[in-house]
Amino acid sequence: MTVAASEHAPRELGAVRHDWTREEVRALFALPFPELIFRAQQVHRAHFDPTEVQMSTLISIKTGGCPEDCAYCPQSAHYDTGVKAEKLMHVDAVIAEARAAKRAGASRFCMGAAWREPKDRDLDTVCEMVAGVKGIGLETCATLGMLTPRQARRLKSAGLDYYNHNLDASPEYYGAIITTRTYQERLDTLGSVRDAGIHVCCGGIVGMGESAEDRIGMIATLATLPAHPESVPINMLVKVEGTPLARGEAIDPFDFVRTIAAARITMPKSVVRLSAGREDMSEETQALCFIAGANSIFYGPKLLTTANPARDRDRHLLDKLGLVPMAR
Ligand code: SF4
């Protein structure tokens with residue numbers, strides 16, 4: 001198939017829209033690869049400095065023993081993955097980790113807890129953590145499961161900048177991955193977070209055995225939220241022994257890059273994070289993701305319970321590509 005750039009170039013490339021149809025998103029995914037990347041680059045450059053990458057560090061403040069059954073997750077109590085359930089970390093230990101992350105160059109510190117939803121007494125402690133991390137000059141992010149509107153407001157008052165709650169998959173494929181909470185419950189939590197005035201971090205995971213149509217559905221759902229998430233993490237499944245998804249087929253790296261490009265084009269002002277899965281990703285694939293509009297990474301050797309590239313390896317890659325940390 002031959003496609004002239006002008007043939008498919010939409011009139012308002014880079015404009016923020018919330019009325020993306022599945023057909024339009026499907027057409028993006030179907031573009032010849034160079035055309036898709038070119039278009040993603042144009043959108044990226046309209047809103048961001050393409051040499052800048054936002055750097056977030058993610059730690060697990062409460063590991064394992066989660067009652068949810070997310071089929072990809074080593075922290076679910078439903079699967080035997082060797083991850084031990086631990087108690088909520090002490091505030092001082094979390095602040096010490098945040099200081100180390102800041103020294104190493106991170107600008108945002110994300111705290112993840114393996115809960116269905118936080119209990120109010122645990123939220124007291126998390127609010128102390130948020131205030132402490134904010135106090136040392138980092139942006140704060142938390143991912144604690146479902147939130148009520150009141151809990152979201154409490155986190156906002158403590159100084160929370162971002163809340164992560166992923167949609168994970170398309171509405172159609174979601175039930176094959178999680179049965180213990182509904183898609184609507186996820187959307188409700190996102191609404192509570194947004195209403196509290198906290199920035200939303202929301203994306204999904206690819207490589208979970210979903211079809212190309214499911215990836216289209218996931219991007220279309222994200223792009224038609226009432227407001228685009230400020231941060232859109234696109235994760236490549238990290239297969240963990242003991243989880244139901246440990247044995248699935250890997251996704252073609254080009255399909256992963258296409259998903260990043262579609263996120264960039266449909267959510268032009270959002271920071272798109274090349275998220276989990278980088279440990280096993282080639283430098284070339286990561287470079288293609290940056291070219292396709294990814295402009296954020298998790299920085300630090302661990303992502304909750306799975307491996308992430310060491311900091312010096314990431315610095316070396318960014319240096320080779322001429323990329324620099326995004327100024328706050
Ligand atoms: S992804 Fe989160 S909610 Fe799901 S099992 Fe893991 S820790 Fe629990």
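What pairs can you find where one residue is in segment 123-139 and more than 17 Å from S60 (Cβ to Cβ), the other is acidic (D, E) and modelled with pLDDT of 95 or more, and their Cβ atoms are less than 6 Å apart, with a gap of 6+ or different chains?
E139/D161
Return the residues of segment 60-82 that are under 14 Å from R181 (Cβ atoms), within 8 Å of the ligand (Cβ to nearest atom) and buried (at least 19 other Cβ atoms within 10 Å of the Cβ); say none if nothing qualifies.
C66, E68, C70, C73, S76
Name the residues in segment 19-38 that are in contact (Cβ under 8 Å) with a residue 24 or more places away in the chain and assigned to a loop (DSSP other than H, G, I, E, B), would you?
Those that are in contact (Cβ under 8 Å) with a residue 24 or more places away in the chain and assigned to a loop (DSSP other than H, G, I, E, B): D19, W20, T21, L31, P32.
Would you mention how many residues in segment 29-59 are more than 16 Å from the ligand (Cβ to nearest atom), buried (at least 17 other Cβ atoms within 10 Å of the Cβ) and of a type in the set (A, V, I, L, M)?
7
Hey, among A223, A227, which residue is closer than 19 Å to R39 by Cβ and in contact with a helix residue (DSSP H, G or I) (Cβ under 7 Å, 6 or more places away or on another chain)? Full working, then the answer.
Numbers: A227 fails: closer than 19 Å to R39 by Cβ.
Within the list A223, A227, the selection yields A223.
Report every pair of residues separated by at least 6 positions or lying on different chains whose Cβ atoms are under 9 Å apart, first residue within segment 61-89 and under 17 Å from E117 (Cα atoms) and free of Cβ contacts under 8 Å to residues at least 12 places away in the same chain, second near the ligand (Cβ under 8 Å from one of its atoms) and open to solvent by 50 Å² or more (accessible area, probe 1.4 Å).
If the second residue must be near the ligand (Cβ under 8 Å from one of its atoms) and open to solvent by 50 Å² or more (accessible area, probe 1.4 Å), the pairs left are H78/P67.
For segment 145-160, does any single residue satisfy the condition of being farther than 22 Å from Q54 by Cα, touching a strand residue (DSSP E or B) at 6+ places or on another chain (Cβ under 9 Å), open to solvent by less than 40 Å² (accessible area, probe 1.4 Å) and within 16 Å of the ligand (Cβ to nearest atom)?
Scanning segment 145-160 turns up at least one residue that is farther than 22 Å from Q54 by Cα, touching a strand residue (DSSP E or B) at 6+ places or on another chain (Cβ under 9 Å), open to solvent by less than 40 Å² (accessible area, probe 1.4 Å) and within 16 Å of the ligand (Cβ to nearest atom).
Search segment 257-286 for residues that are more than 19 Å from R26 (Cβ to Cβ) and pair each with any residue that is part of a helix (DSSP H, G or I) and among the polar types (S, T, N, Q) when their beta-carbon atoms are under 8 Å apart and the residues are at least 6 apart or on different chains.
Final answer for the pair search is L274/Q286; R278/Q286.
Can you pull out the residues in segment 303-320 that are open to solvent by less than 70 Å² (accessible area, probe 1.4 Å) and not basic (K, R)?
Keep residues of segment 303-320 that are open to solvent by less than 70 Å² (accessible area, probe 1.4 Å), which gives 303-311, 314, 317-318.
Listed by number, the residues that qualify are L303, L304, T305, T306, A307, N308, P309, A310, D314, L317, L318.
Of the residues A292, A246, A263, which single one is out of contact with any Phe, Trp or Tyr (no Cβ under 8 Å at 6 or more places or on another chain), among the aliphatic types (A, V, I, L, M), within 16 Å of the ligand (Cβ to nearest atom) and open to solvent by less than 20 Å² (accessible area, probe 1.4 Å)? Give the steps one after another, and end with the answer.
Details: A292 fails: within 16 Å of the ligand (Cβ to nearest atom); A263 fails: within 16 Å of the ligand (Cβ to nearest atom).
Of A292, A246, A263, the one residue that is out of contact with any Phe, Trp or Tyr (no Cβ under 8 Å at 6 or more places or on another chain), among the aliphatic types (A, V, I, L, M), within 16 Å of the ligand (Cβ to nearest atom) and open to solvent by less than 20 Å² (accessible area, probe 1.4 Å) is A246.
Filter segment 84-136 for residues that are within 15 Å of the ligand (Cβ to nearest atom), touching a Phe, Trp or Tyr at 6+ places or on another chain (Cβ under 8 Å) and of a type outside the set (D, E) and give the result.
The one that is within 15 Å of the ligand (Cβ to nearest atom), touching a Phe, Trp or Tyr at 6+ places or on another chain (Cβ under 8 Å) and of a type outside the set (D, E): C110.
Pick from T266, T306, T285, T259: which is farther than 19 Å from I37 by Cβ and β-branched (V, I, T)?
Values: T266 fails: farther than 19 Å from I37 by Cβ; T285 fails: farther than 19 Å from I37 by Cβ; T259 fails: farther than 19 Å from I37 by Cβ.
Of the residues listed, the single one that is farther than 19 Å from I37 by Cβ and β-branched (V, I, T) is T306.
The values are calculated or read from the model by the stated rules, or taken from the named source; none is laboratory data. Predicted model only: the values in this text are computed from it and were never measured. Glycine also receives a Cβ, built like all others from the backbone with ideal geometry; neighbour counts cover every protein chain displayed. The accessibility values were calculated without ligands, DNA or RNA, using every heavy atom of the protein model including side chains. Shrake-Rupley method; radii C 1.70, N 1.55, O 1.52, S 1.80 Å.
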